[in-house]
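Student: Supplied in structure tokens, the structure appears directly below.
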Amino acid sequence: LWYILLRERNLLATQKEEARRMGISDTAVQVSSNRVHHTRKSMARIKAVLNERRLAYEGAVKIVETERDEKVDREVLDSMNKAREHKIRHMKKRQEYLARRLELKLARKAAREAAKRNAAVEEAATKEAATKEASPEGHSQPQRVAGLLINS
């Protein structure tokens, strides 16, 4: 419609120029300025409506893009939170594993130390028994076992 009005405006301008060139001063034959005004006004109104529609479309596109970006952001955050929670669970399991491993290691070390002490005590007892048998009076000499002085 805007192009039809443009063609009408150009036709009116051409008729006005022809009348001027021919020197026609009769107002009945000349182009009505009222028609030119209505044509321009109609063109302006059409252009305003099209501009409003363009702005509404751009606004709708912005809203859709914003919603899409927000959705993508939420999905990324959800994914990051899931990854963080997975990492936290993994770290807790790792800590529990390391704590159990340390407990076992300490228990084995304590068992080895206890076995060494028992062996030292048994060895001292066998030596003491041997010295009691070798001693003529039946008294044994004081001995050191694990840094302690023992009288038997």
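Student: Got a number for residues in region 7-25 being open to solvent by 70 Å² or more (accessible area, probe 1.4 Å) and hydrophobic (A, V, I, L, M, F, W, C)?
Tutor: Residues flagged as open to solvent by 70 Å² or more (accessible area, probe 1.4 Å) and hydrophobic (A, V, I, L, M, F, W, C) within region 7-25 amount to 2.
Student: Filter region 62-110 for residues that are small (Gly, Ala, Ser) and under 29 Å from the mean Cα position of the chain (by Cα) and give the result.
Tutor: Taking region 62-110 and keeping what is small (Gly, Ala, Ser), we get 79, 83, 99, 107, 110.
79, 83 - these are the residues of region 62-110 that are small (Gly, Ala, Ser) and under 29 Å from the mean Cα position of the chain (by Cα).
Student: Among the numbered criteria (1) within 60 Å of the chain's Cα centre (by Cα); (2) within 15 Å of residue 7 (Cα to Cα), which single criterion is violated by residue 59?
Tutor: Looking at each condition in turn, residue 59 falls short on (2).
Student: Which residues, taken from region 26-53, are open to solvent by 70 Å² or more (accessible area, probe 1.4 Å) and more than 60 Å from the chain's Cα centre (by Cα)?
Tutor: Taking region 26-53 as the starting set, the residues that turn out to be open to solvent by 70 Å² or more (accessible area, probe 1.4 Å) are 26-30, 33-35, 37-38, 40-41, 45, 47, 50, 52-53.
26, 27, 28, 29, 30, 33, 34, 35, 37, listed by residue number.
Student: Read through the list (1) touching a helix residue (DSSP H, G or I) at 6+ places or on another chain (Cβ under 8 Å); (2) at pLDDT 90 or above, then give the number of the only condition that residue 140 fails.
Tutor: The number of the failed condition is (2).
Student: Can I ask one more? May I ask you to list the residues in region 31-63 that are part of a helix (DSSP H, G or I) and either of a type in the set (Asp, Glu) or in contact with a Lys or Arg (Cβ under 6 Å, 6 or more places away or on another chain) (or both)?
Tutor: Hits for region 31-63 are 39, 52, 58.
Student: Can I ask one more? Taking interchain pairs and intrachain pairs at least six residues apart, which have beta carbon atoms under 6 angstrom, with the first residue in region 105-118 and among the aliphatic types (A, V, I, L, M) and the second part of a helix (DSSP H, G or I)?
Tutor: none
The values are calculated or read from the model by the stated rules, or taken from the named source; none is laboratory data. None of the values given here were measured: they were computed from a predicted structure. No Cβ is skipped: glycine too gets one built from the backbone with ideal geometry, and neighbour counts run over all protein chains shown. Keep in mind that these areas ignore ligands, DNA and RNA; they rest on the heavy atoms of the full protein, side chains included. Shrake-Rupley method; radii C 1.70, N 1.55, O 1.52, S 1.80 Å.
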